[in-house]
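Below is one structure; the comments refer to it alone.
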Amino acid sequence: EDETYPCGFCQGSGEKPKGSRCPVCRGAGSVSIEPPAVRCAYCKGRGEEKPRSNVTCTACKGKGVIHVDEPVETCFHCRGTGKEPTNKLVCITCRGKGVVTVKDEEEESWEETQSFDSLQGRLRIPLSDSEGWEPVRSASGSERDALKIVKALGQADRVAVAKGMRPPISSDYAKQLCDALVRKKLLLRHGLIYTLSPNGEKALE
């Protein structure tokens, strides 16, 4: 069943431009989207191609929100911006959503898991543009700290994990850590939320 969200193009007023009926929601002030849905990354939920342009966003058609199929993770092509890195058009990978659908862990073959684990020690993850590069460590050090944060909170998203680390790390790096722990069966992923698995509980004992 569809859910109702405030129209992004007219910001829920039903008028755009002022005094005229909004062409997206036809004056209702709200739009219907099949859940789950995310805020359009390309227009940041404004529903406009550019601020104050009065041109509807090509990614969300002016609604400001877009339906997604869970579970999702940040689009690595555009780093969650919804825009092509080179020309700022709608990202060809996520279509402006900023996130992409990932396969359930059960669907991934044992071979894929093994190859990921063997590569993990050689992966180099960008912390941010200014912080340079940090090699991913094994299930000790920062990964163990991430497990402790998720256990303390009961459940956490990548932002909560990033802020809980000492010193704090970027949310992109926190996501890499958590996804590695999911593949090692130490964390469970529910959409954008991580919880401790029984194996993760044992690892902290």
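Residues in segment 171-199 that are within 20 Å of residue 68 (Cβ to Cβ) and assigned to a loop (DSSP other than H, G, I, E, B): 191, 192. Within segment 81-95, residues that are free of Cβ contacts under 8 Å to residues at least 12 places away in the same chain have Cβ atoms under 6 Å from residues that are hydrophobic (A, V, I, L, M, F, W, C) in these pairs: 84/91, counting only partners at least 6 apart in sequence or on another chain.
Looking across segment 60-77, the residues that are without any contact (Cβ under 8 Å) to a residue 60 or more places away in the chain, surrounded by fewer than 17 Cβ atoms within 10 Å (Cβ to Cβ) and within 20 Å of residue 189 (Cα to Cα) come down to 67, 69, 76. Might you let me know whether segment 30-40 holds any residue that is charged (D, E, K, R), assigned to a loop (DSSP other than H, G, I, E, B) and touching a residue at least 40 places away in the same chain (Cβ under 8 Å)? No, that holds for no residue.
If you check 27, 19 for being assigned to a loop (DSSP other than H, G, I, E, B), loosely packed, with under 13 Cβ neighbours inside 10 Å and not basic (Lys, Arg), only one passes: 19.
Coordinate-derived values only; no laboratory data. Since the structure is predicted, the reported quantities are computational estimates derived from the model, not experimental observations. Cβ sites come from the backbone with ideal geometry, for glycine too, and all protein chains shown count toward neighbours.
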